[in-house]
Amino acid sequence: MSTVAPVDRRSRRLALGTAAVLGAALVVVIAVITPWEVLAAPPGGRTPIDPAAAFTAEQVARAEDFARALRPASLAALLLS
């Protein structure tokens, strides 16, 4: 039968320090790699997408009805959180 020795304070401090250093390294890598510039406007400017180009009028109406039905619940969840 084997017994496991209790973890001493030095081991816990070492584990905590390692986690802190790795966490800080992760934050630095994310901050350095993330592109922070805003993308340039596409040639010809930004234009709104026409839903009728991909969907029928019935599909657009159904999607709008669905969004209208969900809106009160989503706003209530937003206000309560």
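A short reminder: the numbers here are calculations on the coordinates, not readings from a lab. Here the structure is a predicted model, which is why all the values come from computation and not from measurement. Using ideal geometry, Cβ is built from the backbone for each residue, glycine included, and neighbour counts are taken over all protein chains shown.
In table form, for the structure just shown:
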{"quantity": "Unit charges at the beta carbon, dipole of region 2-81: most positive-side option, Leu78, Pro51, Ala67", "calculated": "Leu78"}
{"quantity": "Rough spin-label spacing in nm, given labels placed 7 Å along Cα→Cβ, for Leu75 and Val32", "calculated": "4.7 nm"}
{"quantity": "Residue-wise HN-Hα coupling along region 13-24, computed from phi with Karplus coefficients 6.51, -1.76, 1.60 (Hz; x: Gly, Pro)", "calculated": "5, 5, 5, 5, x, 5, 5, 5, 5, 5, x, 5"}
{"quantity": "Kirkwood-based Rg to Rh ratio, the chain, C-alpha trace", "calculated": "1.34"}
{"quantity": "q = 0.24, 0.25, 0.33 Å⁻¹: log10 I(q)/I(0) that the Debye formula gives for region 21-66, counting C-alpha atoms only", "calculated": "-0.88, -0.91, -1.09"}
{"quantity": "Test item: Cα-centred dipole of the chain, Lys/Arg +1 and Asp/Glu -1 on Cβ, debye", "calculated": "640 debye"}
